[in-house]
Amino acid sequence: MKKRLLILLITVGVLLLLFVPFPTAAEDGTCAFTALTYKVVRWNRAAGDGSYEKTRVYPFPQNFKSLDTLWEAEKLRVVPVEKCNAVITEISGTSVLAEPLEGEPERLTSDKLAFDLKTLNGVNIAVGDVVELTYVGAIAETYPARIAVTACVSATDLRNTDYTGEWLSPSETETPDYDPFSDITITRIYKNCFFADTVIPTPYEIKLNGTLSEEWCVGDQVICTYENTRVERQSGRVEADMLTVAKSDFEPDPNACYKPVIYLYPEKQTEVSVKLALDGKLTCTYPAYQNGWTVTATPDGTLTDKNGQTYSYLYWEGETGARFDLSEGFCVRGEDTAAFLEGALADLGLTRREANEFIVYWLPLMQDNPYNLISFQTTAYTDAARLQISPTPDTLIRVFMTWKPSDTSVTLSPQTLTVPVRSGFVAVEWGGTRLK
């Protein structure tokens, strides 16, 4: 009898814990009651120009979320979401003023919008930035007009706005005797021009003048014909007048060596000659490879050519018939690729700056794959791309990554990575290629 009573009491206790809610929060008129299996919230919060009064039940596991987290999802269900492109005009603490761009409907209501950064995470803006504001509810009839902003990101689709900034410095601009880019990805669209990056990243940032038709969007991969090209070497900026735009199906060439770059760090200012013997052909170099490069290098890595032009590194790209080995290496989830590369490149002797430039170049091509198979080549690469540097470096580090995407996890024999000791005159090169 006592045993049955004990079991009954335990059962009742468990049921109470699972299903009987207890008051857990109350703020701004909103009350919450939480059990282990659900939460009841009696909402009473300001929404736009009114208030939102509803009772909602949130089942497990949502019952363990905070009221603020639940509200972010709740208000999107009941309050209209709007977007507006605006330029940031003033920032004072967490309070921000922005001016809607010409052509934005919000400008008919007010030329100044006020919002707060307190509820926004990871927003990094400055006065003068053109941003896309996502907001909920109505625009308050105040001046400046207050809006409830839920997101603030760099604006990319500005089709109603003319670009009026100066992209190139006239005194630093030259006309190249070659086409500096072909396949590109659209990054920003204005009424009178658009901006793009090359599909395989290069030192160039591109502005193409002309009106882009509605069929093209930010993120589209296209190939253009263009004329009147101007290049600013120091910044890597390119401007041209668009002629035609068509869809691009370009994919990385599995036989190409992409963006090997060479850094030079002598112990004192030194004239350095660099020659490359490639089993294949060079497809792009910067500065131009004319039977080699000759530059004056300083200990901080700055390189200066005979014309006084400065560079951070020597850049080359080429095609080779080298047979790369993927019998040893690593299988890495796409989402873990950045963290893996940070550790691996440190193990291979790259500085934080060098590793950062490596990761920024390769990560966009790798992070969205289910898995990446990665192997760092040694003699298979160095025998196919032979460097001759004079004077001879005391330390030469050459990092060349071969990789290919995979839909499934693959077991590879682990590769041992060795940290070289950087001393004396240091030369560093990194590059890579995607394998079939």
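Cβ separations smaller than 7 Å between residues 6+ apart or across chains give no pair from the stretch 104-129 residues that are farther than 17 Å from Gly93 by Cβ to residues that are in a loop (DSSP other than H, G, I, E, B) and acidic (Asp, Glu). For the stretch 208-254, the set of residues classified as at pLDDT 90 or above, open to solvent by 40 Å² or more (accessible area, probe 1.4 Å) and among the small types (Gly, Ala, Ser) consists of Ser213, Ala246, listed by residue number. Taken over the stretch 43-86, the criterion of being modelled with pLDDT of 80 or more and under 29 Å from the mean Cα position of the chain (by Cα) is satisfied by Asp68, Thr69, Leu70, Glu82, Lys83, Cys84, Asn85, Ala86.
Of all residues in the stretch 263-297, those satisfying the criterion of being at negative phi and either open to solvent by 60 Å² or more (accessible area, probe 1.4 Å) or of a type in the set (Lys, Arg) (or both) are Glu267, Lys268, Gln269, Glu271, Lys275, Asp279, Lys281, Leu282, Thr283, Ala288, Gln290, Thr294.
Yes/no matrix, rows are residues, columns are (1) at positive phi; (2) free of Cβ contacts under 8 Å to residues at least 60 places away in the same chain; (3) out of contact with any Asp or Glu (no Cβ under 7 Å at 6 or more places or on another chain):
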site	(1), (2), (3)
Asn356	no, yes, yes
Gln367	no, yes, no
Ser375	no, yes, no
Ala380	no, yes, no
Phe400	no, no, yes
Thr408	no, yes, yes
Leu412	no, no, no
Glu429	no, no, yes
Leu435	no, no, yes
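When the stretch 163-180 is limited to residues that are in a loop (DSSP other than H, G, I, E, B) and open to solvent by less than 70 Å² (accessible area, probe 1.4 Å), the one that is farthest from Leu243 (Cα to Cα) turns out to be Ser169.
Looking only at residues in the stretch 422-436 that are modelled with pLDDT under 90 and assigned to a loop (DSSP other than H, G, I, E, B), the one that is surrounded by the fewest Cβ atoms within 10 Å (Cβ to Cβ) is Lys436. Which one of these is open to solvent by less than 30 Å² (accessible area, probe 1.4 Å) and not in a loop (DSSP other than H, G, I, E, B): Glu132, Glu106? Exactly one residue qualifies, and that residue is Glu106. Taken over the stretch 135-162, the criterion of being open to solvent by less than 50 Å² (accessible area, probe 1.4 Å) and not in a loop (DSSP other than H, G, I, E, B) is satisfied by Tyr135, Val136, Ala145, Ala148, Val149, Thr150, Ala151, Cys152, Leu158. For the stretch 298-309, a residue qualifies if it is surrounded by fewer than 14 Cβ atoms within 10 Å (Cβ to Cβ) and under 30 Å from the mean Cα position of the chain (by Cα), and the qualifying residues are Asp300, Gln309. Within the stretch 310-327, the set of residues being within 30 Å of Pro405 (Cα to Cα), open to solvent by 50 Å² or more (accessible area, probe 1.4 Å) and within 29 Å of the chain's Cα centre (by Cα) comprises Glu319 only.
Only one residue in Gly301, Gly292, Gly318, Gly308 is in contact with a Leu (Cβ under 7 Å, 6 or more places away or on another chain), among the small types (Gly, Ala, Ser) and more than 26 Å from Gln415 (Cβ to Cβ). Which one? Answer to the check: Gly301. Checking each residue in the stretch 399-412 for being of a type outside the set (A, V, I, L, M, F, W, C) and open to solvent by less than 20 Å² (accessible area, probe 1.4 Å) picks out Thr402, Ser406. Among all residues of the stretch 383-398, there is none that is open to solvent by less than 50 Å² (accessible area, probe 1.4 Å), of a type outside the set (D, E, K, R) and in a helix (DSSP H, G or I).
The values are calculated or read from the model by the stated rules, or taken from the named source; none is laboratory data. These numbers come from a predicted model, not from an experiment. With ideal geometry, Cβ positions are generated from the backbone for all residues, glycine too; neighbour counts draw on all protein chains shown. Side chains are part of the model used for accessible areas, which takes the heavy atoms of the whole protein and leaves out ligands, DNA and RNA. Shrake-Rupley method; radii C 1.70, N 1.55, O 1.52, S 1.80 Å.
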